[in-house]
Amino acid sequence: MHDQFNIINLGITKCYIINCTGGYLLIDTGYSNKFERFKKKINKLGINVDSIKYLFLTHHHEDHAGFARELREKSGCKLIVHRSGIKYLEKGETIIPPKIVNAKVKISIAMFHLVHKTENYPPIKILEDDIVLDTDDVLFLKSIGINGKILYTPGHSKDSISIVLSDGSAFVGDAAMNFLKLCDLKFRPIYIDDMEQVLLSWEKMIKEGAKVVYPAHGKPFTIVDLRKVMKK
Ligand SMILES: [Zn+2]
């Protein structure tokens with residue numbers, strides 16, 4: 001429990017819900033079948049679905065945008081997305097990045113896909129008053145009462161965006177990960193579009209004041225820990 005945000009653990013995906021003017025901003029949804037679980041978890045925190053005013057999608061993948069459409073239907077929330085993800089969101093499609101970080105992860109992913117068959121989710125249309133970003137944005141969050149900024153953080157996917165709050169809390173989606181302990185990820189995403197971009201995005205987060213990283217997959221970790229693996 002933090003002053004400004006709560007962690008909603010939906011199994012594989014962790015979502016984060018931040019106070020904003022007149023309600024809440026949610027960072028990511030889980031898979032499409034997690035909406036009921038999500039509702040139960042936020043109700044326990046005293047939050048109703050219809051008080052979610054904004055859904056910030058760190059990128060278009062199914063474990064992040066899964067119940068975006070259902071949430072929008074129930075809450076009327078506005079979306080905050082990167083422009084390059086729109087074509088996939090509107091088709092309910094997941095573009096799997098071309099590279100897998102290492103051989104151990106390759107095996108884990110193959111096992112996961114034995115039980116998990118689809119990469120699709122209900123498509124969601126981007127509307128006129130949604131917030132569509134092309135790059136970093138320092139004004140929007142402040143306009144809704146959140147002391148922080150939005151960073152464009154590609155590398156895992158071309159449409160990856162992150163939030164860094166003024167206290168150093170960084171919500172990065174899959175720009176960095178901290179799970180599959182035995183797979184030696186060193187905070188790298190399991191799927192990579194461009195490793196050089198991953199590192200540039202990490203450098204950007206650090207430069208913009210990130211202190212503790214809250215990934216969508218796995219436990220929070222510090223920038224001190226991240227720096228250690230970057231030196232190697
Ligand atoms: Zn992803």
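The values are calculated or read from the model by the stated rules, or taken from the named source; none is laboratory data. Here the structure is a predicted model, which is why all the values come from computation and not from measurement. Methodologically, a virtual Cβ is constructed for each residue, glycine included, from the backbone with ideal geometry; neighbour enumeration extends over all protein chains shown.
Observations on the structure shown:
- The residues of segment 106-125 that are more than 15 Å from Ile12 (Cα to Cα) and either in contact (Cβ under 8 Å) with a residue 12 or more places away in the chain or in contact with a Lys or Arg (Cβ under 8 Å, 6 or more places away or on another chain) (or both), listed by number, are Thr118, Asn120, Tyr121, Pro122, Pro123, Ile124, Lys125.
- Qualifying strands (runs of 3 or more DSSP E) (wholly inside segment 1-63; at least 2 residues being among the polar types (S, T, N, Q) and touching a residue at least 12 places away in the same chain (Cβ under 8 Å)): 5-10, 13-20
- Top-ranked residue of segment 48-62 - restricted to ones that are within 14 Å of Ile27 (Cβ to Cβ) and surrounded by fewer than 24 Cβ atoms within 10 Å (Cβ to Cβ), ranked as nearest to the chain's Cα centre (by Cα): Tyr54
- Qualifying strands (runs of 3 or more DSSP E) (wholly inside segment 109-228; at least 1 residues being within 19 Å of Ile17 (Cα to Cα) and not aliphatic (A, V, I, L, M)): 148-152, 161-165, 169-173, 212-215
- In summary, Asp129 fulfils each of the numbered conditions (1) modelled with pLDDT of 95 or more; (2) within 16 Å of the ligand (Cβ to nearest atom) with the single exception of condition (2).
- Lone unmet requirement of (1) touching a strand residue (DSSP E or B) at 6+ places or on another chain (Cβ under 8 Å); (2) of a type outside the set (Asp, Glu); (3) within 16 Å of the ligand (Cβ to nearest atom) for Ser169: (3)
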